[in-house]
Amino acid sequence: MASVAELSIERKYKMYEDSVQNPECDIDFVISEYQKCFGRKPHTLREDFAGTGYMACEWVKRSKDNQAWAIDLDSEPISYGLKNHYVTLNDEEKTRMKYLESNVLSDLGFKTDTVVAFNFSYYIFKQRKELLEYFSKVYASLNEQGMLYLDLFGGTEAYAPQIEETEHESFSYFWDLEMFNPLNSECLYYIHFEDHKEGIRYNQVFTYDWRMWTPRELIEILEEAGFKEVKTYWEGEDGLGGGDGNFYETQTASGCNSWVTYLVAVK
Ligand SMILES: C[S@@+](CC[C@H](N)C(=O)[O-])C[C@H]1O[C@@H](n2cnc3c(N)ncnc32)[C@H](O)[C@@H]1O
């Protein structure tokens, strides 16, 4: 086992992104749901809790009319994003993409068509009043035709400690549920990696100290923040007991061991 300090920033965020991010699919979903609702494509995207800003950089590549902001408190993922994603933009695209090292609760001074908060990042707000403050600020920062996109997870497996391993070509990714407290829904997750080439395991590379919110709770808080409608989605099945990656709008679903889905709040 090696200490996380020995893991390079480059390798750390490359393994993270390869394991948990798919900006192409997320952008397709954002555009298609916005278009269904407002009959036009969205042009501006604010990526909250953006980390490396991978999605925001892909957003500006999609269209000359697109503009994006990536907001994160931490300079480390932002510097990775600048070196690995921002550099892939041409000079014109760079003028439409901005990283902001800032708190998502700050008054950022601009409005957008869409705000995304993905990979469950808003679970850091453990108190209802904190989450209401965040959603209210997002509501105020959206254009009149505006949408907030959230992802969320649940299922019976989210309630008891366990580690899920996913093998990639050169490394393994471990999603470790260390603790779930049923009395207050607080949970503690870690991401570990094992580098196959070096034969080294890096423990607790990322730590998430969260509250697991349910869809019903989120809908109620979003409505209280002013959103006029909250759409719920569920993933189609692949016939082998897994998800097929296609999310459809619905208000009913059957529970299962593990699920990940989206909520979309319409201003
Ligand atoms: C789970 S990562 C998400 C990264 C990326 N959005 C993704 O989908 O994988 C959470 C990120 O949120 C950032 N963060 C936590 N609290 C924040 C806040 N109040 N304002 C801005 N960023 C915050 C952390 O620095 C971290 O980079």
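Every number in this text was worked out from the coordinates using simple rules, so none of it is lab data. A quick note: this is a predicted structure, and the numbers were derived from the prediction, not measured. Virtual Cβ from ideal backbone geometry, glycine too; neighbours counted across all protein chains shown.
Magnitude of the charge dipole for segment 1-58, about its Cα centre and with charges confined to Cβ atoms of Lys, Arg (+1) and Asp, Glu (-1), is about 200 debye.
Put a dot 7 Å past the Cα of E249, heading toward its Cβ, do the same for L89, and the two dots end up 3.1 nm apart.
Placing unit charges on the Cβ atoms only, positive for Lys and Arg and negative for Asp and Glu, gives the chain a dipole magnitude near 980 debye about its Cα centre. Any idea how far the Cα center of segment 97-168 sits from the one of segment 202-232, in Å? Answer, in whole Å: 7.
Along the axis of the charge dipole computed for the chain (Cβ charges of +1 for Lys and Arg, -1 for Asp and Glu, origin at the Cα centre), the listed residues I124, P42, N184 are led at the positive end by P42. Normalised by 2.2 N^0.38 Å, where N counts its residues, the alpha-carbon radius of gyration of segment 1-110 equals 1.13. If a/c stays under 1.5 just call it rounded; otherwise compare a/b with b/c (prolate if a/b is bigger, oblate if not). Do that for segment 54-120, with a ≥ b ≥ c from the square roots of the Cα gyration tensor eigenvalues. Oblate. Rounded to the nearest Hz, the phi-derived 3J(HN,Hα) couplings of segment 6-20 under the Karplus curve 6.51 cos²θ - 1.76 cosθ + 1.60 (θ = phi - 60°) are 7, 7, 5, 4, 4, 5, 4, 7, 5, 5, 4, 5, 4, 7, 10, where x marks glycine and proline. The tail of the calculated P(r) for segment 156-210 beyond 16 Å holds 45 percent of all Cα-Cα pairs.
Structural size metrics of the chain, computed from C-alpha coordinates, are Rg and Dmax of 18.4, 53 Å.
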